[in-house]
Amino acid sequence: MEEIESLKITRSDRRSIAIVVLPNGTVEVRAPKYIPEFAIKAFVKSKSEWIKVRQEYVKKNTKPSKKFENGEKFVFLGHEYSLLLGPYIHIEIKEDQLLFPLALAARGRETMEKWYIKQAKTEITKLADEYTAKMETAYNGISFSDTKSKWGSCTHDDRLQFNWRLIMTPLLVVRYVVIHELAHTIEKNHSAKFWNKVRSVNPSYKQQIKWLKENGHGLTV
């Protein structure tokens, strides 16, 4: 079998090996700290055919960056909106359109990202607080980034971090990632106990995981 190019190995306290194909085609292997590199590479080699198929799928389905022209589609909380440039003061969603200030079109991507981040902070923080109460737990801070390989994380001292691009996904998916990270404030690994906690709050969580695997790479601005 051919050697897999652009291989990235990320080690953590996880118990099993997972392979993720990133939007740029890079193969990220998430592995336990104790597994030697030769074993990781052997595992990757055994999955080479699946990786090639997945890379082709990602390549074909990754959407190009927006040009900020009328009619372009933008996604917010799983719903698609058509861009409409005009004499608007700020970005606003109205019916099936995303109203965008014409004066800011030259800095469209930067402006749109700032808007997405602002919405993500509001909606995700609201969900985190709601489910903190439901799950009878607590967190010590929340931040947002654009990590390419993670939708969320929880540190050893219960600080949560989320990828702001989550705000493009359906609300059920956003909720799942929030619940997942809050469950880590209770269980720091992906043990059966951890997944039982997630399942107790969100029985359909496997559907949201599937959605992210199939659609996450296409969330571009």
With springs connecting C-alpha atoms under 10 Å apart, model the chain as a Gaussian network and identify which of Arg159, Arg107, Arg14 has the largest mean-square fluctuation.
Arg107
Quick one: net charge of His180's neighbours, Cβ under 13 Å, K/R +1, D/E -1?
+4
Quickly work out the Ala42-to-Ser12 label distance, labels modelled 7 Å from Cα along the C-beta direction, and quote it in nm with one decimal.
2.5 nm
In whole Å, how far is the Cα centre of segment 35-94 from that of segment 159-221?
17 Å
Might you report the magnitude of the Cβ-based charge dipole of the chain about its Cα centre, with Lys and Arg at +1 and Asp and Glu at -1, to the nearest 20 debye?
540 debye
Using a basic spin-label model with each label point 7 Å from the Cα along Cα→Cβ, how many nm lie between Asn24 and Leu77?
3.3 nm
Toward the positive end of the charge dipole of the chain, about the Cα centre and with charges on Cβ (Lys, Arg +1; Asp, Glu -1), which of Asn163, Val53, Leu219 goes farthest?
Val53
Taking Cα pairs closer than 8 Å and at least 6 residues apart, the relative contact order of the chain in percent is 17 percent
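Treating the beta-carbon of each Lys and Arg as +1 and of each Asp and Glu as -1, no other charges, what is the dipole magnitude of segment 108-218 about its Cα centre, to the nearest 20 debye?
320 debye
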Note down the nm distance, to one decimal, between modelled labels 7 Å out along Cα→Cβ at Glu110 and at Ile93.
2.5 nm
Computed from the coordinates I sent, Cα extents along the principal axes in Å equals one of [x] 58, 48, 27; [y] 44, 34, 34; [z] 71, 37, 31. Tell me the label.
[x]
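No value in this document is a laboratory result; all are computed from the given coordinates. Because the structure is predicted, anything quoted here is derived from the model rather than measured. As a convention, Cβ positions derive from the backbone with ideal geometry for all residues, glycine included, and neighbour counts pool all protein chains shown.
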